[in-house]
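Notes to accompany the following structure.
The values are calculated or read from the model by the stated rules, or taken from the named source; none is laboratory data. What you see is a predicted model; the values in this text were computed from it and never measured. Virtual Cβ from ideal backbone geometry, glycine too; neighbours counted across all protein chains shown. Surface areas here come from the heavy atoms of the whole protein model, side chains and all, with no ligands, DNA or RNA. Shrake-Rupley method; radii C 1.70, N 1.55, O 1.52, S 1.80 Å.
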Amino acid sequence: MKNISILVDTDVILDWIWKREPFVADSEKIINYCFDNSITGYLAAHSITNIFYNLRKTHSVKDRRDLIKLLCTKIKIVSINSEKLLLAIADEQTADFEDALQIQCAISQNADYIVTRNVKDFANSAILPLSPVDFLDEITRLTKTMPQ
């Protein structure tokens with residue numbers, strides 16, 4: 001398989017952690033691809049704080065810290081800087097600022113895809129958004145077309 005890189009949206013990570021049905025199986029496959037380096041996975045730095053905050057009602061501080069450590073060692077973290085923030089603010093085609101920032105993080109890494117359950121929120125992205133299901137279908141398609 002060619003070296004594929006993706007920016008993983010926060011919702012995919014939370015589906016995996018919370019084992020949300022019917023999304024957990026696809027999210028787990030994607031996370032495993034990132035963890036075993038079959039693909040290069042990126043996570044925006046602000047996603048880390050969002051994940052830590054969202055897990056506050058279901059996970060202890062220690063468990064949240066352990067999960068964040070795992071993510072930070074297995075998935076590449078894309079830093080946020082003033083350039084990305086200003087580009088996201090200037091993105092008038094993306095209504096949600098957080099989504100615009102995700103797009104800027106994906107662009108900065110030349111990611112092939114943004115993997116998200118909220119594909120419609122990334123409709124104007126320069127990086128193709130795919131749902132987890134569609135991304136896994138794309139991986140299968142790419143694998144079948146690769147010469148042996």
Quiz item: Anyone know which of 80, 114, 30 comes out most mobile in the 10 Å Cα GNM of the chain?
Solution: 80
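So, for the chain, what is the accessible surface per residue at a probe of 1.4 Å, expressed in square angstrom?
Numbers: 8040 Å² over 148 residues.
With all protein chains present, the chain gives 54 Å² per residue.
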Quiz item: Modelled label-to-label distance, residue 35 and residue 82, 7 Å Cα→beta-carbon offset: nm?
Solution: 3.9
Self-check item: For the chain, built as a Gaussian network whose Cα springs stay under 10 Å, the top-fluctuating residue of 37, 54, 81
Solution: 81
Quiz item: Cα centroids of the stretch 1-68 and the stretch 72-148: how far apart, whole angstrom?
Solution: 14
Quiz item: Rounded to the nearest whole Å³, what is the per residue volume of the convex hull around the Cα atoms of the chain?
Solution: 109
Exercise. Using only alpha carbon pairs under 8 Å that are at least six residues apart, calculate the relative contact order of the stretch 34-95 and give it in whole percent.
Key: 47
Quiz prompt | In nm, spacing of pseudo-spin labels at residue 97 and residue 123 (7 Å Cα→C-beta vector) | solution = 2.3
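Calculate what fraction, in whole %, of the accessible area of the chain sits on carbon and sulfur atoms when a 1.4 Å probe is rolled over the protein chains.
Details: 4260 of 8040 Å².
Ligands and nucleic acids excluded, carbon and sulfur reach 53 percent.
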